Amino acid sequence: MAVPRQDPVVRCSPDTPGPIAPGDLESLERDGFLTVDRLIGPDEVAVYRRELERLVTDPAVRADERSVVEPRSEEIRSVFEVHRISEVFARLVRDERVVGRARQILGADVYVHQSRINVKPGFGAGGFYWHSDFETWHAEDGLPDMRTVSVPIALTENHDTNGALMIMPGSHRTFLGCAGATPKDNYKQSLQMQDAGTPSDAALTGMASEYGIKLFTGRAGSATWFDCNRMHGSGDTITPFPRSNVFIVFNSVENAAVEPFAAPVRRPDFIGARDFTPVR
Ligand code: 6CS
Ligand code: FE
C-alpha cells in the first residue's frame, strides 16, 4: 500500500548556517539524496581501507555476531556497529564533514542508529534487493518518523559495473508498506538477502516508471546523504573489483526508537541502536 510521505526531508530552514548550501538542501528535499564528491581525500580513504581490511581479516571480528557473511562465498559481507568497535571509524562518525551535515539536514542533534562497513567483495558479492530502509527501521527497529539520514562513504571506486547503488529519485515521497508479517529474527536472513519487507513487482514497476532509476557511480571518498525512505537496491558484483563503503545512519534525537511497529521483538542493538546519546 502506497502512502504519501508526511514528513519533510530537510528539517532546517534553507538559510541555516552549515556545510550544505541552500540550493543543495532544496535538491535533497526534491530528489531524496545529495552527493558530495570526494568528501574525504585519497590519504583518508587509504586509512579507512586499511581499517576495513584489518577488521575483515580479524578472526574475532569474523566470529562476532556483528559480522554478516556472503551466502555463497562465506566472505564477510558487512560488519555492523563499526563506530563502536573501531576508533578509526568512530572518528569518521564525529567528523564535522559527516555529522555536521546530518545535524543540519535533520535540524537537531543526532545519534547513530546503525553503522556498518559493506565489503561487497569482487567475484560474487550478492546485491541488495529493492527496499526502503525506513520501512525496515520503522517496522523492525521502531523509528517513529522519517527523520533519519544515511550516508555511505565510498572506500573503493563505484564503477557502473561493480554492483553500484541504484535509487529511484523522488521515491522517498511515497511510503510503501510491505505485505506480510515480519518473521522472527528476520535480520539473520535479511542482511544476507532481504525478501520479507520488499515491495511488490507492481509497486516497483509503478515507481520505476514514475521516478526512473539512477545509478550511483563515483570515486572513492565520495559520499551521498540519502533520505531514509528512498527506494534503492544494488546488483551482484561479478567483476574482480569490490564496491566497499562505510555506511552511517544518523537519526534525530527527537525521533528516538520506540518499540517495533511491525515485528514481534526488537532487533539487536548492534543493528538498531538503543543508546540515543548525541554524537559529539
Ligand atoms: O536492515 C537494515 O537495517 C539494513 N538493510 C539494508 C539492505 N539497507 C539498510 C540497512 O543497513
Ligand atoms: Fe538499504
Quiz item: Over the chain, one equal point on each Cα, no solvent: what is log10 I(q)/I(0) by the Debye formula at q = 0.08 Å⁻¹?
Solution: -0.29
Self-check item: the range 27-255 - charge dipole about Cα centre, Lys and Arg +1 at Cβ, Asp and Glu -1, debye rounded to 20
Solution: 320
Practice problem: State in Å² the accessible area per residue of the range 27-255; use a 1.4 Å probe, count heavy atoms of protein chains only, and round to the nearest integer. | Solution: 38
Practice problem: Report Rg(Cα)/(2.2 N^0.38 Å) for the range 31-127, keeping two decimals. | Solution: 1.19
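Could the peptides 112-118, 75-81, 172-178, 36-42 be put in order, highest first, of the mean number of other beta-carbon atoms found within 10 Å of their residues?
Values: 112-118: 24.6, 75-81: 21.6, 172-178: 20.0, 36-42: 15.6.
Order by mean packing, descending: 112-118, 75-81, 172-178, 36-42.
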Quiz item: Residues with amide H under 5 Å of Glu75's amide H, sequence separation 5 or more or different chain, H placed in the peptide plane at 1.01 Å from N; which?
Solution: Glu70
Exercise. Express the carbon and sulfur contribution to the solvent-accessible surface of the range 29-74 as a percent, rounded to the nearest whole number, probe 1.4 angstrom.
Key: 51
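Taking only DSSP H segments of four or more residues, each worth -39500 (n - 2.57), what value at 222 nm results for the chain once the sum is divided by all its residues, to the nearest 500 deg cm²/dmol?
When only DSSP H runs of four or more count, the value is -7500 deg cm²/dmol.
Just want to confirm a number: the relative contact order over the range 27-255, from Cα pairs under 8 angstrom separated by 6+ residues, in percent. Let's see the in-between values first.
Numbers: 463 pairs, mean separation 83.3, N = 229.
Computed value for the range 27-255: 36 percent relative contact order.
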Exercise. Can you tell me which of 89-99, 247-257 comes out highest on packing, and rank the rest after it, using the mean Cβ neighbours within 10 Å?
Key: 247-257, 89-99
Quiz item: What shape does the range 95-183 have by the C-alpha gyration tensor, where a ≥ b ≥ c are the square roots of the eigenvalues, rounded means a/c under 1.5, and otherwise prolate means a/b greater than b/c and oblate the rest?
Solution: oblate
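The values are calculated or read from the model by the stated rules, or taken from the named source; none is laboratory data. Quick caveat: nothing in here was measured; it's all calculated off a predicted structure. In this analysis, Cβ positions are derived from the backbone assuming ideal geometry, glycine residues included, and neighbour counts consider all displayed protein chains. Note: accessible area is taken over every heavy atom of the protein model, side chains too, but ligands, DNA and RNA are not part of it. Shrake-Rupley method; radii C 1.70, N 1.55, O 1.52, S 1.80 Å.
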